[in-house]
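No value in this document is a laboratory result; all are computed from the given coordinates. Since this is a predicted model, take the numbers as computed values, not measurements. Cβ: placed from backbone, ideal geometry, glycine included. Neighbour counts: every protein chain shown.
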Amino acid sequence: MKTLINFITLLIVCCSYAQDPQLFQYNWRLESIVTDTDSFIPDSNPNPNTGTFNHIIFFDQNNGVPYYFQFGIYGSVFGDDLIFSGNQSFVISNVTLSLGESSQASLFLVDHFLFEDQLNDLLYNPYTYDFRYENGFIFLDITNSAGNVVTFFDNFLSQEEFLRQNVKIYPNPVVNDLFIESNQTNIQELLINDLSGRIVLKQDGLENNQLDVSKLRQGIYILKIKTSNGHINKKIVKK
């Protein structure tokens, strides 16, 4: 298998935040790839050390790095410079396979779902995506222009569960600076209320993951963290 096929670049004119945040909240596992003439069903118990760990992960923008995704571990298929449209669709221009032995799923995805004519770099543009929910699982269906569908799934996380897992604060109790780490979600506003409900501190956004609480009196407070995925409340103790 050749190690380089071209790099994936997705180009489409669209709104800046048109992509659905659910793309970035889950570690999507491959369920199936279905075309009009063939289908691929992966091993239900993949071994990550053999290149059969068939997940796709979408990465949000970070420090100037555009949206991108990675499918698989060994012989990974990469997608870079993802720009989404407002109707949950995107266009692909190129595809790259990283070094390493490619899995059957990676090869099938490239040969039968992404490319209509690989020799001429002709892709099945455009691609659309949608979500559905069944029995505690969330499914991601990506459909190409020929109507072929690749399906991924993961355990469904409620909004509260997602934020609880991805927003961390420390130290607590705190004296001066409270550090707030947020993975895969953007912090938009911070509010601190005392136990009577009065707002004692308000800040838009977060710089350097730090919130200065040095001017607060000692006591117990409720920190409300508003993010692009909803809000979460955390109890903090000021010493």
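Some notes on this structure:
- Cross-link partners of LYS234 among aspartates and glutamates (Cα-Cα below 20 Å; sequence separation of 8 or more within a chain): GLU160, GLU161, ASP177, GLU181, GLU189, ASP194, ASP204, GLU207, ASP212
- Residue-count net charge about PHE69 - beta-carbon cut-off 12 Å; Lys, Arg +1, Asp, Glu -1: -3
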